[in-house]
Amino acid sequence: MESDKAAPQILALQPQTNPQLLPHQDNIIQRCAAKELSYNDFYWRFMHANWPVIITDVSNAWECRNWAKCDSDNNTTKLDNENANNNNNNNNNANETGQEQHINFDYLRSRIGNFAVPVANCNATYFDSHAKLELKFHDYLERWQRNATDQRETNCNVAKDNLYLKDWHLAAQMPTYEFYQVPKYFVSDWLNEQLIAEQRDDYRFVYMGPKGSWTSFHADVFGSFSWSTNIVGHKKWLIMAPGEERKLADRLGNLPFSIDENQLDEHQVHYFTINQKANEAVFVPSGWYHQVWNVSDTISVNHNWFNACNVATVWRNLLSNWKAVRNEIADCQQMDNFEAHCQTMLRASFGINYLDFVELLEFIATRRLAAAALKDQQTTTTATSLLLFNRYQMNDHHLQTDLECIRQLLIDMLQEPSVLECPAQLHERCEHLKQQL
């Protein structure tokens, strides 16, 4: 891992000029090497365009590369920093030479405590999701390792325990264990910027699962972006642009729990297949429904997030869910504090409500305004003082782009009657924030 004392990297966002041929115009999902893809190109060609991309070689220096080992690796004891770097190089060579990688169970046990972890049983459903249980991490590893050994010895392709460790907040549970670094493309992350600063539940996750484990058909929370980097293993994705999922809905508008290529072809759905290997990150744009299978034993690091490129989408989804909640309890409109009850139910069903959303906008705007004020006093630098994920700084144009996005969004929100009706003086807070901008 790089030292925290290293000079910050600059997110050099530039005004959008005549764009190059955008990938969606060719109707393809590109695979781009990290060393060849600039932050500015990613911002405009993929994030702003809301189009997927696969970025290779994003985890070369991550400590968690030690969570995997090659067939030729015999040393599974805890490594010091020098040996860890050597092992990272060995893992890179393993990918290049075709040597198969496996989960390094011994290293995981030695490096990570025996926490209680959330697990989904991919062989059982409970209503519209996989059945959930909680296990101790080392017990989970022991069951996974035992089943993997049984499968190899019996030449069986089906796991007895198809248990998928999902949505684990490992980075929050072990804040001093820097097992990965957020790639520069994904650090403009308003959601986790606020939640981490306020020490609240964030949207940074680790996934670990055996061959055959899978996530059901879904789009990501809030209408957010997501990114997923494979540390070890191979994933298969079926993914489709917003709107294509409606071809799969039943007469009541319900979407299927699981999909396959035959079903998609039968309904004439336009979709893409992604085969994601280790050391590759998949960028999933807002509203893109997808289902993912672990083709081999797999570990990945994942984030959900939003920023200036898709915060308007999050607002539209929030407003749509508020309308659904209000319609659901429309017969109770005469009750006291009806609008407050709607906001309570909105938070329970959607994950955030109007107040949460406005507080996030206030938080981001306050930090950007403070950085801009300090920047005005330090005219010799092109970067702002705001440090993202302890490593990255926005240039001045990036900062101003964020502020202008919030200002435009507030103009739209202030025209929405439900904001005026909302308790907690929300309309006044939005107006005050707009005036600050």
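The values are calculated or read from the model by the stated rules, or taken from the named source; none is laboratory data. Computed from a predicted structure; not experimentally measured. Because the Cβ atoms are built from the backbone with ideal geometry, glycine has one as well, and the counts that use them run over all protein chains shown.
When you look at LEU361, is it assigned to a helix (DSSP H, G or I) and either of a type in the set (Ser, Thr, Tyr) or under 21 Å from HIS432 (Cβ atoms) (or both), yes or no?
Values: assigned to a helix (DSSP H, G or I): yes; either of a type in the set (Ser, Thr, Tyr) or under 21 Å from HIS432 (Cβ atoms) (or both): yes.
Spelling it out, LEU361 is indeed assigned to a helix (DSSP H, G or I) and either of a type in the set (Ser, Thr, Tyr) or under 21 Å from HIS432 (Cβ atoms) (or both).
On inspection, THR229 fails the criterion of being more than 16 Å from the chain's Cα centre (by Cα), of a type in the set (S, T, N, Q) and either modelled with pLDDT under 95 or assigned by TED's automatic domain parsing to the domain that holds VAL292 (or both).
Of the residues making up the range 23-51, those that are touching a Phe, Trp or Tyr at 6+ places or on another chain (Cβ under 7 Å) and modelled with pLDDT under 95 are PRO23, HIS24. The strands (runs of 3 or more DSSP E) located wholly in the range 58-159 that include 3 or more residues which are within 30 Å of TYR185 (Cα to Cα), in contact with a strand residue (DSSP E or B) (Cβ under 6 Å, 6 or more places away or on another chain) and at pLDDT 95 or above occupy 116-126.
Could you identify the single residue in LEU252, LEU264 that is in a helix (DSSP H, G or I), farther than 22 Å from ASN230 by Cα and not acidic (Asp, Glu)?
Only one candidate qualifies: LEU264.
Would you confirm whether or not the range 357-370 contains a residue that is basic (Lys, Arg) and in contact with a Leu (Cβ under 9 Å, 6 or more places away or on another chain)? Step through it out loud before you land on a result.
Applying the first criterion (basic (Lys, Arg)) to the range 357-370 yields 367-368.
After this cut, where a residue has to be in contact with a Leu (Cβ under 9 Å, 6 or more places away or on another chain) as well, the list is 367-368.
For the range 357-370, residues basic (Lys, Arg) and in contact with a Leu (Cβ under 9 Å, 6 or more places away or on another chain): present.
Only one of the numbered conditions (1) assigned to a strand (DSSP E or B); (2) modelled with pLDDT under 95; (3) under 29 Å from ALA308 (Cβ atoms) is not met by ASP201, and that is (1).
When the range 231-255 is filtered for residues that are more than 30 Å from TYR107 (Cα to Cα) and in contact with a strand residue (DSSP E or B) (Cβ under 6 Å, 6 or more places away or on another chain), the ones remaining, listed by number, are LEU238, ILE239, MET240, GLU245. Scanning the range 218-243 for residues that are part of a strand (DSSP E or B) and polar (S, T, N, Q) returns SER226, SER228, THR229, ASN230. Within the range 276-318, being of a type in the set (Val, Ile, Thr), closer than 21 Å to LEU361 by Cβ and buried (at least 22 other Cβ atoms within 10 Å of the Cβ) holds for VAL311, VAL314.
May I ask you to list the residues in the range 331-345 that are part of a helix (DSSP H, G or I) and surrounded by 10 or more Cβ atoms within 10 Å (Cβ to Cβ)? Steps first, answer last, please.
We begin by selecting, within the range 331-345, every residue part of a helix (DSSP H, G or I); these are 331-332, 338-345.
Passing the criteria: CYS332, PHE338, GLU339, ALA340, HIS341, CYS342, GLN343, THR344, MET345.
Residues that are loosely packed, with under 14 Cβ neighbours inside 10 Å and of a type in the set (Asp, Glu): does the range 160-180 have at least one? So far as the range 160-180 goes, no, none of its residues is loosely packed, with under 14 Cβ neighbours inside 10 Å and of a type in the set (Asp, Glu).
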